[in-house]
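What follows is a single structure, written as structure tokens, with notes after it.
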Amino acid sequence: MNILVAGGAGYIGSVFVEEACNAGHNVTVFDSLVEGHRAAVNERARFVQGDLADRAATSQALKEAQAEAVFYFAGFIMVGESMTEPGKYFRNNVSNGIELLEACIETGVKKIVFSSTAAVFGMPDRVPIEEDFPKQPVNAYGESKLMFETLLEWYRKIHGLNYVVFRYFNAAGASASRGEAHRIETHLIPNILKVALGQKENCAIFGTDYDTPDGTCIRDYIHVLDLASSHLLALKEGVSGSFNLGNGEGYSVREVIDTCRKVTGRDIPVLEEPRRAGDPPRLIASSRKAITELGWKPAHPTLEEIVTTAWHWHQSHPDGY
Ligand code: UDP
């Protein structure tokens with residue numbers, strides 16, 4: 001199919017682009033390179049540098065790509081920043097998304113696949129989290145993603161634009177050539193691996209007094225290649241709706257650090273710090289719906305495999321792209 005990938009130069013987008021090219025799709029990447037990296041874009045994909053805020057440029061790119069489906073990875077993702085600069089998140093993740101939706105309608109795109117987040121659920125009463133659990137974001141980032149989910153439903157009703165929403169739990173790991181290289185890194189696994197590489201002295205543990213067995217937060221880590229494979233399934237005729245994507249297994253911050261010590265064979269000193277604002281104690285996905293309805297099957301489900309692939313990538317790209 002002819003597909004346009006907004007945000008295809010970012011971490012998850014670039015891995016998806018690689019997999020979509022492998023699957024034989026005709027891929028155009030549209031990315032502002034504000035956060036993405038040109039070098040992350042697979043050489044088989046066409047690249048257009050542009051900003052979704054620029055409606056004319058977006059429409060033009062969709063027309064030139066003759067896009068039948070759009071993947072919307074582009075977005076700001078830092079929870080902490082969203083609580084100090086909410087406007088940046090609502091503008092980028094919602095307003096720019098509206099421009100993309102309008103451009104899709106104008107150019108006859110049939111389907112949009114949207115990168116959402118576990119953060120739409122806020123602090124769930126129980127785990128594993130199913131798709132219909134209450135949506136009560138506790139940060140502006142999660143709210144911005146939830147707002148766009150709501151918009152998608154209106155555009156489906158009014159314009160007949162099909163959509164698939166994927167709510168990622170904790171994306172991690174790398175493919176052989178593409179990995180996580182954020183300009184400002186806030187995520188746990190890359191920060192631990194920077195310590196293993198000798199680029200940082202220690203890894204902070206944000207909060208050791210949560211109501212969890214070892215007092216640290218529990219998350220469900222999912223391999224970036226498994227996220228990519230779900231997106232390919234979303235292209236199938238008749239697939240629509242919202243899906244949670246995780247492995248259904250939770251690991252505490254301390255368990256993740258221990259796995260990184262084992263995989264890297266390096267000493268990883270930690271620094272216990274206060275809680276980070278807006279962190280739910282425990283987020284674990286039920287991906288039953290994706291497994292049964294899409295036939296999705298994670299190929300790299302173990303934390304050890306996830307960390308091992310991330311470690312290989314960080315060793316071969318110590319300064320990112
Ligand atoms: N975390 C940590 N130290 C870090 C980065 C993250 O203790 O340097 C914790 C964070 O508080 C959360 C978990 O690790 O409980 C996962 O955080 P991350 O930012 O990777 O993903 P999130 O779950 O916030 O999307």
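The values are calculated or read from the model by the stated rules, or taken from the named source; none is laboratory data. A quick note: this is a predicted structure, and the numbers were derived from the prediction, not measured. With ideal geometry, Cβ positions are generated from the backbone for all residues, glycine too; neighbour counts draw on all protein chains shown. With ligands, DNA and RNA removed, areas are computed over all heavy atoms of the protein, side chains included. Shrake-Rupley method; radii C 1.70, N 1.55, O 1.52, S 1.80 Å.
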Which residue pairs have Cβ atoms closer than 9 Å, lie 6 or more positions apart in sequence or on different chains, and pair a first residue in segment 199-219 that is among the small types (Gly, Ala, Ser) and modelled with pLDDT of 95 or more with a second residue that is more than 10 Å from the ligand (Cβ to nearest atom) and open to solvent by 50 Å² or more (accessible area, probe 1.4 Å)?
GLY207/PRO274; GLY215/ASP209
Within segment 278-300, track down each residue that is within 16 Å of the ligand (Cβ to nearest atom), part of a loop (DSSP other than H, G, I, E, B) and in contact with an Asp or Glu (Cβ under 7 Å, 6 or more places away or on another chain).
PRO281, LEU283, ILE284
If the Cβ limit is 6 Å and pairs must be 6+ apart or interchain, which residue in segment 253-277 that is part of a helix (DSSP H, G or I) pairs with which residue that is of a type in the set (Phe, Trp, Tyr)?
VAL263/TRP311; THR264/TRP311
Please return the ranges of helices (runs of 4 or more DSSP H) entirely within segment 75-191 where 2 or more residues are away from the ligand (no atom under 14 Å from the Cβ) and touching a residue at least 12 places away in the same chain (Cβ under 8 Å).
86-90, 96-107, 140-159
Considering only residues that are crowded, with 17+ Cβ neighbours inside 10 Å and modelled with pLDDT under 95, look in segment 62-81 and name the one that is nearest to ASN26 (Cα to Cα).
MET78
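Give me a count of the residues in segment 19-48 that are acidic (Asp, Glu) and buried (at least 24 other Cβ atoms within 10 Å of the Cβ).
Keep residues of segment 19-48 that are acidic (Asp, Glu), which gives 19, 31, 35, 43.
Retained after the next criterion (residues that are buried (at least 24 other Cβ atoms within 10 Å of the Cβ)): 31.
Residues that pass the stated criteria total 1.
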